[in-house]
Amino acid sequence: MKTLILDSSTQILYVCLCIDHRKIYENYLLGQNDHAKFILAEIEKACHQADISLKDLDQVVVGYGPGSYTGVRMSVTIGKMIVTLEEKIQLRVISTLLLMASGSEGVVFSSIDARRGNCFGCVYDIDHEKYIKEEGLYPTNSFSRESYQTCVSEKEYVVDPFRVIRWSEKVENPQVLVPNYLRKTEAEVKRNDTKMS
């Protein structure tokens, strides 16, 4: 099974290629809102390392948010494009917060800065594979970091690609897949405010 994993929702661009139970290629690129410059080159490097083409993939797993609006859309769009190459390629999704937590153990607080004193966050029990606090948009100060065995942020995390593959969910209709934003965009908020005034 050849699996490409992509996540561009945070400050880190994550690209990994696994074949069966082997990790062939993996890279974490800390960016400055510039993942678009590197994501295709990283996918090409991964395929070159494995000596395969995109059409040889069996599945693509994308982190589909929450996170940066542009970043979230990037991985989802590329994932959709890849699965149109061959009918056999399956598109799967995983929460970016879970992807970030996957390389930890115990109870993990996973968070992404959502600005204005807020974060996208969750608390996940790795050992029992269940949420202790569901994913949501929360005030950053509502979490006490000392309460958790591990805290991961958008700037620093380690991925276990095999957990990511196992936890991912199949997308039955890739064409209608939309990212998991967890809140409205600023444009939507402004549009609603204009309608109400």
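Observations
- The amide H of CYS151, built 1.01 Å from its N in the peptide plane, has PHE109 as neighbours under 5 Å, considering only residues 5 or more places off or on other chains.
- Within the set [x] 41; [y] 16; [z] 30, the number that percent of Cα pairs over 32 Å apart takes when calculated for this structure is listed as [y].
- Folded to 0 to 90 degrees: helix 39-50 orientation relative to the chain principal axis, Cα: 40
- In terms of the mean number of neighbouring beta-carbon atoms within 10 Å, the peptides 133-139, 150-156 order highest first as 150-156, 133-139.
- Per-residue Cβ neighbour rank within 10 angstrom, fewest leading, SER9, SER68, SER168, SER75: SER68, SER168, SER75, SER9
- Degrees between helix 186-196 axis and first principal axis of the chain (Cα, 0 to 90, nearest 10): 50
- The HN-Hα couplings worked out from phi for the range 168-183 by the Karplus form 6.51 cos²θ - 1.76 cosθ + 1.60 (θ = phi - 60°) are 5, 10, 5, 9, 6, 10, x, 4, 9, 5, 10, x, 9, 7, 6, 6 Hz, whole numbers, x standing for Gly and Pro.
- Distance violations [Cα-Cα > 25 Å] among LYS2/LYS130; LYS23/LYS155; LYS80/LYS133: LYS2/LYS130; LYS80/LYS133
- Under the Karplus curve 6.51 cos²θ - 1.76 cosθ + 1.60, θ = phi - 60°, whole-Hz ³J(HN,Hα) for the range 115-127, x wherever Gly or Pro sits: 6, 6, x, 10, 9, 7, x, 7, 10, 10, 8, 4, 4
- For the range 52-94, the spread of Cα positions along the three principal axes, ordered from largest to smallest, is 30, 17, 15 Å.
Laboratory data are not the source of any read-out in this text; all were calculated from the coordinates shown. Being a predicted model, the structure only gives us computed values, none of them experimental. A quick note on method: Cβ atoms are made from the backbone with ideal geometry, for glycine too, and the neighbour counts reach across all protein chains shown.
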